[in-house]
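Here's the structure, in structure tokens; my notes come after.
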Amino acid sequence: MAPSVGEVLRAARLRQRSSQAEFGKPAGLSRWALARIEQGGPVDLDTLRNLATCHRIPPALLGLATVPAGRTSGDEGDVDRRAFLTLTGGAMSAGLLTGVGDALIRLPAPPARNSPTTVAALLERGRALFDQGRHARLVQALPTLLSAAHDLVDGDRHGHRALSSCYQLATHTLDKVGAHEHSSRAADRAVTHARLSGSPTAQALAVRAQSIVLRHEGRAALAEQVTLDTLDGLQAIGPADPAGWTVYVQMLCSSAYTAAQAGDRPTALELLAEAEHAHRALPATAPPVAILGGSTPTTAQVRLYRVGVHWALGESGKALHTAHGLSPDQFPTPERRARLHIDLARAWSQHDRPGHAVAALLAAHRHAPAEVLDRPRITTLAHRVIARHPRGEQARALHTILQGDGPR
């Protein structure tokens, strides 16, 4: 049986992790009006067209290709089931993500010539794909990586640590592309194997991955608590342990952002100040530590967290002031350079400057196209700022990219 219009809209909204109020606003709908449509109530064609445009929903899914003018649409019309699957999880979900989901239930066979060196090489390649923003290639590689790492655990603490790192990579990647159920499962396993490794830094990085999933599930208060609990376990680490101190700086930054997402301004700003202080104590010769989103935190990376914290607290002016002077060449990877522009886009949008937000998203797309096109939250932001600033040349360019006609 084909899904109804209400089911299609609800699937699109959940994929974007939007509330009914957020999803309906670009089309001029109240929360209650959208709720009635999702529950099967009548809706006029102009409203459907607005929703399709604002949220990049294929018109055929909403019956717009088959409903004659002047009629309203409920769950009538022959909706393409394949298109519905694409909407609920994207083309990646209908294909590549199926393989990851299957691997999280039943692992495929490991590589024929498996060894710790093999796992390390696969993990390094996966991290490189993440840093380049090449999500599809990385998702395709995850089942083999997880299978290879599982094959070598055998109760060994180093094996558990390596496996936790693999699940952390899976968590961050799957969360980015909106595969919520898969990312949650991967995060739980990352934490479990980090604990079995006995390494405080491995546990901290696994909890960092888990906290991101919790935030995106709307459980920011719980995410804040688990990161603060983990910080307590890292307090004994000092600058004499450069690798551990690097992780401590990263966790302070992540915890500050999580606290801001939970609305806890005093804690967020306190943790940020401590992160900046701890970063100054980081030895200049500290060896790089494999942390997704960049290795050893730089001054610019710590400052970018302050931008994100102010945005999360609703302080767009302070976010933009903090960002002044930051430039892409201060960040080591395409993923981080795109993140700089995405954070600026969020701040400009919050500051009611949609034209500036459009420009920032175009810049993010130039550095790492998938960071804009594969992430439901960012595509939603893009559609919203275009709807608020539809006539500019840059808005038209971004719209073309979102429709799949621009460079990827």
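Where a number appears in this text, it was derived from the coordinates with a stated rule and is not lab data. Remember, it's a predicted structure, so these values are computed and weren't measured experimentally. Here the Cβ is made from the backbone with ideal geometry for all residues, glycine too, and neighbour counts use every protein chain on show.
Cα centroids of segment 339-408 and segment 252-330: how far apart, whole angstrom?
About 23 Å separates the Cα centre of segment 339-408 from the one of segment 252-330.
Using modelled amide H (1.01 Å from N, peptide plane; none on Pro or chain starts), what sits under 5 Å from the amide H of residue 133, excluding residues fewer than 5 places away?
Under 5 Å from the amide H of residue 133 lie the amide H atoms of 335, each far enough along the sequence or on another chain.
Using the Karplus curve 6.51 cos²θ - 1.76 cosθ + 1.60 with θ = phi - 60°, what ³J(HN,Hα) values do you get for each residue of segment 278-283, in whole Hz, with x for Gly and Pro?
Working through the residues one at a time gives 5, 5, 5, 8, 5, x Hz.
How do 43, 309 line up, fewest other C-beta atoms within 10 Å first? Please list the in-between numbers first.
Values: 43 22, 309 25.
Ascending number of Cβ neighbours within 10 Å: 43, 309.
Select from 266, 143, 354 the residue whose mean-square fluctuation is largest in a Gaussian network model of the chain (Cα-Cα springs shorter than 10 Å).
In the Gaussian network model the winner is 266.
Let me know the volume per residue of the alpha-carbon convex hull for segment 217-362, in Å³.
Values: hull volume 16.5 nm³, N = 146.
About 113 Å³ per residue, rounded to a whole number.
State the Cα centre-to-centre distance between segment 179-251 and segment 126-144 in whole Å.
When both Cα centres are located, 21 Å separates them.
Please turn the phi angles of segment 44-56 into ³J(HN,Hα) values with the Karplus equation 6.51 cos²θ - 1.76 cosθ + 1.60 (θ = phi - 60°), one per residue in order, whole Hz, x for glycine and proline.
Ordered by residue, 3J(HN,Hα) equals 7, 5, 4, 5, 4, 5, 4, 5, 4, 5, 5, 10, 6 Hz.
Could you compute how fast the chain diffuses translationally, taking Rh as the Kirkwood radius over C-alpha pairs and applying Stokes-Einstein at 25 °C with viscosity 0.890 mPa s? Give it in µm² per second. Let's see the in-between values first.
Values: Rh = 22.3 Å.
Value of D from the Cα-based Kirkwood radius: 110 µm²/s.
Arranged from highest to lowest average of other beta-carbon atoms within 10 Å per residue, in what order do the peptides 392-402, 103-113 appear?
Working: 392-402: 16.5, 103-113: 12.6.
Ranked from most to least packed, the peptides come out as 392-402, 103-113.
Mean residue ellipticity at 222 nm from the helices of the chain, using -39,500 (n - 2.57) per DSSP H segment of n ≥ 4 over the full residue count, to the nearest 500 deg cm²/dmol?
Numbers: 21 runs with 281 residues, N = 408.
My calculation for the chain gives -22000 deg cm²/dmol from helical runs alone.
Determine ³J(HN,Hα), in whole Hz, for all residues of segment 354-365 in sequence, where each value follows from phi through the Karplus function 6.51 cos²θ - 1.76 cosθ + 1.60 and θ = phi - 60°; x replaces Gly and Pro.
My calculation for segment 354-365 gives x, x, 5, 5, 4, 4, 5, 5, 4, 5, 4, 5 Hz in order.
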